[in-house]
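*Asks:* Next up is a structure, given as structure tokens.
The values are calculated or read from the model by the stated rules, or taken from the named source; none is laboratory data. Computed from a prediction, not measured in an experiment: that's the story for all the values here. Cβ sites come from the backbone with ideal geometry, for glycine too, and all protein chains shown count toward neighbours.
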Amino acid sequence: MIGYLPETVPLYPEMTVLDYLVFMADLRHVKQSKQRAKDVLKMVNMEDRQTGYIGNLSKGMRQRIGLAQALLHEPKVLILDEPTIGLDPSQIIEVRSLIQELGQERTILLSTHILSEAQQVCNRVLIINKGHIVAEDSPEHLQARLTGAQRVAIKVQGDSDELASVIAATPGVTLILPHPNGELEFETALGEDVRAQVAKSIISAGFDLLEFHTVNLSLEEIFLQLIREEDDSFLDSDSAVSSHKNRREGIKYA
Amino acid sequence: MRNIWTIARRELKLYFISPIAYIVILVTLFILGLIFYVNILAAYMQQYTPPTIQVVIGPLVTIFLFSVPALTMRTIAEETRSGTLELVMTSPVRDWELIIGKWLGAMIFYLVILATTWVFAIELNLIITPGIDQGLLISNYIGLILLTGFFISIGVFASSLFSNQIAAFFTGLGILLSFWLIGLPSQAMGTFGIDFLSYLDVGNHFYNSFYLGVIDLKDVVYYLTGIALFLFLGKAMIEIRRWR
């Protein structure tokens, strides 16, 4: 059977937490409903509120009660519709870690508009645009596949343009994006690790290296890229995308 | 069957954890008490024939006519609005179990109200000699139970139509009053359809039989059919919601 948590958590505000869970458990023919209700309350860390009325709970707590309700009949599959919407940051972190914990024993299907959330908690991401699946993979693979490159950010004491010409001399670098104040990003083909050479040539060219780290494309960027492929007209109007475009149209080196 | 009882029990509990139950019982008893007192006093001073339990039952029916739609309006409308109906419908509960559960919950609550009105019967029994007519008392209460069941099924049906409680209340009240008054045009017209319209009249089946101490199978059948009809309509409304 399936456990389901709709976007607006369906609760009876005039019932106590325990009464509500026992009622839901009875409706689903769960054996020893009271014990089971207490167990799921423990799973969502709410056992101290079992005699409180649902109407008096905060939004984050209600969300957790909703989750508890979806877990009552030990479903193999759990469907959550935007479980963190409308919560404050600490509650979001709470609910996310709870989802990760619960996901270890069962399949969780989660719909969300917050892409960093999907990146954080999901093993597999499906991006849907206008009712069609436009991408399906693990977040890591999705990132790698879509960038097709590895990106590294550098910060040095000195001039970005000079730095750019130094890095351009390194074989394997496919794209260089200079930023002001000695900051720069470059890309290499996936699997071709030239970081050691680049670092050496920066030092030997006399720069003081301040920062050197790999950058991952966020799911947001991937999402936009995918949608752009799907629908160009929609994205041209979007400022976030055009700034992204500008970055991609950096100096290209063969 | 288990689902019906689960739902009915929750409904019943809801009346008693909120002030609803106590207010309704208090107000009902207070109004009945006033009427009861006036009747006793009038009979005592004017040396009438001693009053029967009818002095309580008549007003009680009128009170129920208004209190039933008010108490049943939230049963399904509230759940539609808050989205909990979705939750109940995704659990292994059949539509008819939901409707009957809702009806039964309200029915048990009304049985509690009816039980509290026995104080008047007991009191009357103490006042008048040689005590009250117990056959009349029992037939009146049997009639009241059937009548209330019918009212509640209309209220639950009206609640299944809307997600707005006020709309459900007035629809319920409208249907109830229609059944209450449908016999009147037939009296005035005196033409075709008299028998049919006066047969539909919910009051005729009470005041011309149970109220007078007569238990007639045709009246019992009338109420049971009415209950079944409106519960069926309510179930149909829930089913329609599933298709949408």
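*Asks:* Just to be sure I understand the filter: pairs with C-beta atoms under 7 Å, separated by 6 or more residues or on different chains, first member in segment A:211-226 and among the acidic types (Asp, Glu), second member modelled with pLDDT under 70. Which pairs pass?
*Replies:* Listed pairs, sorted by first residue: A:Glu221/A:His244.
*Asks:* State the number of residues belonging to segment B:17-42 that are in a helix (DSSP H, G or I), within 23 Å of B:Phe66 (Cβ to Cβ) and within 14 Å of chain A (Cβ to nearest Cβ).
*Replies:* At the first step, the residues of segment B:17-42 found to be in a helix (DSSP H, G or I) are B:17, B:20-42.
If we keep only those that are within 23 Å of B:Phe66 (Cβ to Cβ) as well, we get B:20-39.
If we keep only those that are within 14 Å of chain A (Cβ to nearest Cβ) too, we end up with B:20-21.
The total comes to 2.
*Asks:* Being in contact (Cβ under 8 Å) with a residue 60 or more places away in the chain and exposed (fewer than 14 other Cβ atoms within 10 Å of the Cβ) is the filter here; which residues of segment B:17-57 pass it?
*Replies:* Once the filter is applied, which keeps residues that are in contact (Cβ under 8 Å) with a residue 60 or more places away in the chain and exposed (fewer than 14 other Cβ atoms within 10 Å of the Cβ), segment B:17-57 yields nothing.
*Asks:* Do the conditions hold for B:Leu14, that is, is it surrounded by 16 or more Cβ atoms within 10 Å (Cβ to Cβ) and either at positive phi or more than 11 Å from chain A (Cβ to nearest Cβ) (or both)? Even if it seems obvious, please write down each step before you answer.
*Replies:* Values: surrounded by 16 or more Cβ atoms within 10 Å (Cβ to Cβ): yes; either at positive phi or more than 11 Å from chain A (Cβ to nearest Cβ) (or both): no.
Considered against the rule, which asks whether it is surrounded by 16 or more Cβ atoms within 10 Å (Cβ to Cβ) and either at positive phi or more than 11 Å from chain A (Cβ to nearest Cβ) (or both), B:Leu14 comes out as no.
*Asks:* Output the number of residues of segment A:178-208 satisfying the condition of being crowded, with 16+ Cβ neighbours inside 10 Å and under 13 Å from A:Asp159 (Cα atoms).
*Replies:* Here the count works out to 6.
*Asks:* Show me the strands (runs of 3 or more DSSP E) entirely contained within segment A:95-195 in which 3 or more residues are free of Cβ contacts under 8 Å to residues at least 24 places away in the same chain. Outline the logic, then answer.
*Replies:* On the way: elements: A:107-111, A:125-129, A:132-137, A:149-157, A:173-178, A:183-189.
Counting at least 3 such residues, we get A:132-137.
*Asks:* Going by the conditions given, is B:Thr75 within 14 Å of another protein chain (Cβ to nearest Cβ), in contact (Cβ under 8 Å) with a residue 40 or more places away in the chain and crowded, with 17+ Cβ neighbours inside 10 Å? Working first, answer last.
*Replies:* Working: within 14 Å of another protein chain (Cβ to nearest Cβ): yes; in contact (Cβ under 8 Å) with a residue 40 or more places away in the chain: yes; crowded, with 17+ Cβ neighbours inside 10 Å: yes.
Considered against the rule, which asks whether it is within 14 Å of another protein chain (Cβ to nearest Cβ), in contact (Cβ under 8 Å) with a residue 40 or more places away in the chain and crowded, with 17+ Cβ neighbours inside 10 Å, B:Thr75 comes out as yes.
*Asks:* Now a separate question. For segment B:86-102, how many residues are within 8 Å of chain A (Cβ to nearest Cβ) and part of a helix (DSSP H, G or I)?
*Replies:* First, pick out the residues of segment B:86-102 that are within 8 Å of chain A (Cβ to nearest Cβ): B:86-88, B:90-93.
Now drop any that are not part of a helix (DSSP H, G or I), which leaves B:86-88.
Residues in segment B:86-102 being within 8 Å of chain A (Cβ to nearest Cβ) and part of a helix (DSSP H, G or I): 3 in total.
*Asks:* A further question on this structure: What number of residues within segment A:146-170 satisfy the criterion of being of a type outside the set (A, V, I, L, M) and within 30 Å of A:Glu229 (Cα to Cα)?
*Replies:* Restricting attention to segment A:146-170, the residues satisfying the condition of being of a type outside the set (A, V, I, L, M) are A:147-148, A:150-151, A:155, A:157-162, A:165, A:170.
Of the ones still in play, those that are also within 30 Å of A:Glu229 (Cα to Cα) are A:147-148, A:150-151.
Here the count works out to 4.
*Asks:* Just wondering, is there one or more residues in segment B:115-128 that are among the aliphatic types (A, V, I, L, M) and within 14 Å of another protein chain (Cβ to nearest Cβ)?
*Replies:* Taking segment B:115-128 first, the residues among the aliphatic types (A, V, I, L, M) are B:115, B:119, B:121-122, B:124, B:126-128.
Subsequent filtering for residues that are within 14 Å of another protein chain (Cβ to nearest Cβ) retains none.
Looking through segment B:115-128, none of the residues is among the aliphatic types (A, V, I, L, M) and within 14 Å of another protein chain (Cβ to nearest Cβ).
*Asks:* Looking at the structure I just gave you, is A:Asp39 in a helix (DSSP H, G or I) and within 19 Å of B:Thr84 (Cβ to Cβ)?
*Replies:* no
*Asks:* Is it the case that some residue within segment B:43-53 is part of a helix (DSSP H, G or I) and touching a Ser or Thr at 6+ places or on another chain (Cβ under 7 Å)?
*Replies:* To start, the set of residues in segment B:43-53 that are part of a helix (DSSP H, G or I) comprises B:43-46.
Now restrict to residues that are touching a Ser or Thr at 6+ places or on another chain (Cβ under 7 Å): none.
No, because not a single residue in segment B:43-53 is part of a helix (DSSP H, G or I) and touching a Ser or Thr at 6+ places or on another chain (Cβ under 7 Å).
*Asks:* Can you tell me how many residues within segment A:43-54 are over 14 Å from A:Val95 (Cα atoms) and part of a helix (DSSP H, G or I)?
*Replies:* Initially, segment A:43-54 is screened for residues over 14 Å from A:Val95 (Cα atoms), giving A:47-54.
Add one more test, that the residue is part of a helix (DSSP H, G or I), and what stays is A:47-49, A:54.
Looking only at that region, the number is 4.
*Asks:* Note down all Cβ pairs under 9 Å where the first residue falls in segment A:5-30 and is more than 7 Å from chain B (Cβ to nearest Cβ) and assigned to a strand (DSSP E or B), the second is polar (S, T, N, Q) and surrounded by fewer than 20 Cβ atoms within 10 Å (Cβ to Cβ), and they're at least six residues apart or on different chains.
*Replies:* Pairs that qualify, where the first residue is more than 7 Å from chain B (Cβ to nearest Cβ) and assigned to a strand (DSSP E or B) and the partner is polar (S, T, N, Q) and surrounded by fewer than 20 Cβ atoms within 10 Å (Cβ to Cβ), are A:Thr16/A:Gln50; A:Thr16/A:Thr51.
*Asks:* For B:Phe30, are the conditions met, namely being modelled with pLDDT of 90 or more and more than 18 Å from the chain's Cα centre (by Cα)? Steps first, please.
*Replies:* On the way: modelled with pLDDT of 90 or more: yes; more than 18 Å from the chain's Cα centre (by Cα): yes.
In short, yes.
*Asks:* Could you list all residues from segment B:127-160 that are more than 15 Å from B:Trp103 (Cα to Cα) and within 19 Å of the chain's Cα centre (by Cα)? Don't jump to the end; show me each part of the working.
*Replies:* Narrowing segment B:127-160 to residues more than 15 Å from B:Trp103 (Cα to Cα): B:127-144.
Across segment B:127-160, the qualifying residues are B:Leu137, B:Ile138, B:Ser139, B:Asn140, B:Tyr141, B:Ile142, B:Gly143, B:Leu144.
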